[in-house]
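Quick note: the coordinates plus some simple rules give every number you see, no bench work behind them. All values derive from a computational prediction rather than experimental measurement. Every residue, glycine among them, receives a Cβ derived from its backbone with ideal geometry; neighbour counts consider all protein chains shown.
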Amino acid sequence: MDDDFRELEAELRNLRPATVSRGLLERIARELDEPVSNGSAAVGRNHDKGAWVPWVILPIAAAIAFAVALPRQPAQSPGAAEPDGARGLAAAPAFKPVSAQNLLVSSRDEGYVTLADGTRARRIRQSYVDTITWKNPRTKASLTWSLPREEVRVTPISYE
Amino acid sequence: MTLIRQTTHSHPMEDAHAEQSWKEWFELHGPKLLLCARQWTRSRADAEDVVQDAFVRFWRRQRQLPGEPLALLLTSIRRAALDRARRESRRGAREEDALAGDADDLGLFGTAAEVDDRRRAIESALLRLPSEQREVLVLRIWGELTFAAIAHQLDVPLNTAASRYRYALAALRHELTGADCHG
């Protein structure tokens, strides 16, 4: 960089980005469950308040749709001959859940909190990945579904 | 409305791995994140949303990870912003239109009392830069990233990042010199 650029760079570095808005701080505070001083009315996200919903709903819907649609037999024409036992197989549920696993990914002790009734409690936030596997006993096809899940445990504490 | 405020000192990078309140950390680095996010979003509200998401995720789950926190956050913010921009582009909007258009929504400039001519000229010149040059400049100057980190961030060769930075500075200097001559 030549000297002119150095001078300009120095000038730019002396310009500080504008501070963030109070609203943004409040929204982050709310998400992190820490009240900001002078707690005003709860401020929502600017957009996409329910943006997480599709990420939870869609995999579930897709898994269910897949499980229901995949094993369906082609429509039989009326009166068509069916081999012995075929009716029983087609009627049986094709995919059956064979395993469910909850994997604890992280656990964070968030310390003590005070509940609405004044009780002291300890809050622990845990992240899991739930994995459920279905199998089709007839075709041996399997379907595995993994979904992240967050769990917050609040345990009241009593000092005796 | 101001994008940037003049200051006589720079802040050292705080260690997000250490025990520190999120507010202290965010008050120090949030403005830089927001400024960078503005390079990839159509409005200040969009920028705030992506910064909020990235920061909450970072503070809850990622701050113990090794590496440079600011770089990690900027990566996260950029991805979220580009995802959002892709969704928006389906509705026919473009980032440049927003940046060049609605000045009230920019949130880039401070209150009138804070604004001086020189700062306003710099901000104006910044907004006229091609977006690929401006993002490199912002990441380098206010994001405090190295050229290597910028190249990684933008998925471009290191020389490209450095060249864009030089082009940006040259264009800024040209604009500002012109502004000085005329004004």
Problem set entry | Gain in span if fully extended, A:VAL105 to A:LYS140, counting 0.36 nm per residue against the direct Cα distance | 9.6 nm
For this session: Can you pull the one-decimal nm distance between simple spin-label points at B:TYR167 and B:GLU132, each 7 Å off the Cα toward Cβ?
Result: 0.6 nm
Problem set entry | Peptide B:43-56, shielding by other chains (average Cβ, 10 Å cutoff) | 5
Seminar exercise, completed: For A:22-28, B:61-67, B:44-50, ranked highest to lowest by mean beta-carbon neighbours within 10 Å, the order is B:44-50, A:22-28, B:61-67
For this session: Quick one: go through region B:55-78 and flag any residue whose amide nitrogen is under 18 Å from the point 7 Å out along the Cα-to-Cβ line of B:LEU28.
Result: B:55-56, B:58-60, B:62-74
